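Working notes, structure below.
The values are calculated or read from the model by the stated rules, or taken from the named source; none is laboratory data. Because the structure is predicted, anything quoted here is derived from the model rather than measured. When we count neighbours, we look across all protein chains shown, and the Cβ atoms used for this are built from the backbone with ideal geometry, even at glycine. In case anyone asks, the SASA skips ligands and DNA or RNA and just uses the protein heavy atoms, side chains included. Shrake-Rupley method; radii C 1.70, N 1.55, O 1.52, S 1.80 Å.
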Amino acid sequence: MRLGELQLRRGLLLLAAAAALSAVLGGLARLGLGTDWGDARAVDHGPLFVLGVFGTVIALERAVALGASWGRAAPLLGAMTALALLLGFRELGPPLAGASAVALVAVNAAIVRRQAVAFTWLMLLGSGLLLVGNVAWLVGVPVHLVVCGWMGFFVLTILAERLELSRLAPKPRWATSTLWLTSIALTAAVGLSLAQAPLGPRLLGVCFAALALWEVRFDIARRLLSVDGLPRYAAVGVLAGAGWLGVSGALLAAGGLAAAGPHYDAVLHGVFIGFVLSMVFVHAPIILPAVARLELPFSSTMYVALGVLHVGLSVRLFGDFLPHAALRRVGGLSTAVALLALGLAALWSRRRVSERRPTA
Amino acid sequence: MKPAYQELSAAASDPLARGLLGAQDMSSILDATGLAGEVRRALGSVIDPEVGIDIVSLGLVYAIDVRGGEVSVQMTMTTPACPLGEHLVLDAKRCIQELPGVQWVDIELVWEPPWDPTRMSAEARARFGWAP
């Protein structure tokens with residue numbers, strides 16, 4: 001890999017980290033724990049995290065997987081979306097996010113041409129949902145419905161990766177068929193949701209719950225719980241994430257999706273923190289070295305961050321349903337603490353790597 | 001009743017597709033003797049971080065060719081859509097370069113024949129629950 005390419009990837013990750021910090025401050029502001037910067041970014045909290053952080057990182061991972069230089073357009077446009085929101089050019093966010101999604105669809109389509117199998121098609125479908133969601137955002141569909149497209153993108157993208165890994169273990173034929181049928185139903189649910197049909201979010205919830213069950217049953221994570229070190233850590237995060245996907249699914253199926261309020265808060269954060277962020281936490285030691293040559297050996301201290309993430313989310317949801325504003329605030333703050341803990345664990349891990357390296 | 005487990009991919013059961021590079025019995029390719037054997041053992045220390053199993057046991061190493069101090073390896077990934085390819089190739093190269101007698105290393109990522117679970121070692125297959 002040329003040095004310029006490496007610097008570009010690291011720059012994109014740094015920008016995603018800045019977007020994450022800003023999104024966290026915006027989220028804390030929405031919980032009444034405001035700072036000047038956070039207050040100004042409160043309204044961008046969702047798009048910053050979803051598109052600026054997760055979207056950029058996933059697009060970068062896919063571009064690296066493709067290995068073609070044009071594929072960089074996807075994460076670059078994702079990073080530009082983040083930059084636009086960070087600098088207050090909110091009106092540029094939706095068109096840039098739309099362009100990033102187009103590029104990601106193109107990357108995934110190229111990967112399908114390379115290997116046309118179930119999980120690559122699923123990943124392409126997921127990126128299609130991101131594109132649909134971003135176009136909906138651009139044309140003014142209410143954000144609480146746009147997030148259905150965003151949630152659909154992340155769920156299908158992650159399930160596609162897990163489907164790929166699941167090939168390592170035997171599973172019955174109907175397992176892949178079931179996943180596909182559920183994903184098609186999920187796609188329909190996103191469409192219905194964006195069209196403001198009340199059935200949409202409820203069907204989406206049923207699909208999330210079904211996919212969570214699929215993960216618990218067929219993901220190789222169950223078999224990796226017995227393997228010391230990083231595989232076990234990743235397995236714990238994956239299975240815990242599946243649990244939260246099931247919780248959000250059940251909440252959606254039972255109650256639909258309100259435009260705001262405790263139910264909306266619980267559904268969204270169950271998916272984006274419990275499912276997506278948990279995956280990010282446990283895959284950071286795998287993806288950072290692969291994508292940006294940033295060695296991050298697994299350290300058992302990372303369990304602290306993962307634990308704070310999941311316990312804190314539980315507290316948040318208790319706060320949503322009791323309701324109890326202070327619990328909700330503590331739960332929300334704990335996500336920021338978990339991110340900080342992960343950062344500290346990463347620094348600790350890298351320090352151990354430096355100490356082990358022989359000096360000249 | 002025995003469950004109807006998923007058939008292995010067509011490439012796995014097609015003898016032409018398996019070929020010299022895809023034989024389940026890798027002993028003709030990955031000989032334990034000499035530098036080739038040392039290379040194979042070195043590659044056994046390269047771990048796929050997602051599953052905690054080395055790339056030889058996973059069946060990702062298709063061929064090792066040693067001519068004097070020059071080592072050529074053909075390897076694959078479980079999917080051409082994997083972002084870990086670059087990283088594992090670098091790790092593999094680093095391991096081989098540390099071996100005495102190695103002067104030059106080339107590692108090529110190939111995608112034919114496609115990887116499938118039959119290429120894993122018996123131990124790896126047992127870990128993931130495949131019947132012996």
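With θ set to phi - 60°, apply the Karplus curve 6.51 cos²θ - 1.76 cosθ + 1.60 along region A:201-214 and write out the HN-Hα couplings as whole Hz, x wherever there is a Gly or Pro.
After applying 6.51 cos²θ - 1.76 cosθ + 1.60, I find x, 5, 5, 4, x, 4, 5, 4, 5, 5, 5, 5, 5, 4 Hz.
How many partner chain Cβ atoms sit within 10 Å of a residue's Cβ in peptide A:162-168, on average, as a whole number?
Mean shielding by partner chains, rounded to a whole number: 5.
Per residue of B:107-119, what is the mean number of Cβ atoms on other protein chains within 10 angstrom of that residue's Cβ?
Mean partner-chain Cβ count within 10 Å for B:107-119: 1.
Could you sort A:140-152, B:84-96, A:169-181, B:110-122 so that the peptide with the highest average Cβ count within 10 Å comes first and the rest follow in order?
A:140-152, B:84-96, B:110-122, A:169-181
How do A:311, B:61 stack up against each other in accessible area, from largest to smallest, with a 1.4 angstrom probe?
Result, largest first: A:311, B:61.
Using the Karplus equation 6.51 cos²θ - 1.76 cosθ + 1.60 (θ = phi - 60°), what ³J(HN,Hα) coupling, rounded to whole Hz, does each residue of region A:60-67 give in order, writing x for Gly and Pro?
Residue by residue, region A:60-67 yields 5, 4, 5, 5, 5, 4, 5, x Hz.
Over all residues in B:74-86, what is the mean tally of Cβ atoms on other chains that come within 10 Å of each residue's Cβ?
Counting other chains' Cβ atoms within 10 Å and averaging over B:74-86 gives 6.
Please give me the summed charge of the neighbours of residue A:317: other residues whose Cβ is under 15 Å from its Cβ, Lys and Arg +1, Asp and Glu -1.
+1
With r as the distance between the Cβ atoms of residue A:188 and residue A:293 and R0 = 41 Å, compute the FRET efficiency 1/(1 + (r/R0)^6) and round to 0.05.
0.50
How large, in percent, is the carbon and sulfur part of the accessible surface of region A:1-114 at a probe radius of 1.4 Å?
The value for region A:1-114 is 67 percent carbon and sulfur by accessible area.
Could you please state, rounded to a whole Å, how far the C-alpha centre of region B:112-132 is from the C-alpha centre of region A:27-102?
If we compute the Cα centre of each part, the gap is 40 Å.
Per residue of region A:339-353, what does 6.51 cos²θ - 1.76 cosθ + 1.60 with θ = phi - 60° give for ³J(HN,Hα)? Whole Hz please, x for Gly and Pro, Karplus curve as stated.
5, 5, 4, 5, x, 5, 4, 5, 5, 4, 5, 5, 5, 5, 4
What order do you get for A:49-61, A:84-96, A:17-29 when each peptide is scored by the mean count of other beta carbon atoms within 10 Å, highest first?
Going from most to least packed, we get A:49-61, A:17-29, A:84-96.
Please list, ordered by chain and number, the residues whose modelled amide H lies under 5 Å from the amide H of residue B:53; skip anything fewer than 5 residues away on the same chain.
B:48
How would A:264, A:233 line up by accessible area, probe 1.4 Å, largest first?
Greatest to least solvent exposure: A:264, A:233.
Starting from the amide H of residue A:171, placed 1.01 Å from N in the peptide plane, find each other amide H under 5 Å away whose residue is 5 or more places distant or on another chain.
Amide H neighbours of residue A:171, under 5 Å, 5+ apart: B:6.
If amide hydrogens are placed 1.01 Å from N in the peptide plane, which non-local residues have theirs closer than 5 Å to the one on residue B:62?
B:74, B:75, B:76
Which value in deg cm²/dmol, rounded to the nearest 500, describes the helix-derived mean residue ellipticity at 222 nm for the protein assembly as shown, given -39,500 (n - 2.57) per DSSP H run of n ≥ 4 and division by the residue count?
-21000 deg cm²/dmol
For the peptides A:66-75, A:319-328, what is the packing order when you average, over each peptide's residues, the other Cβ atoms within 10 Å and list the highest mean first?
A:66-75, A:319-328
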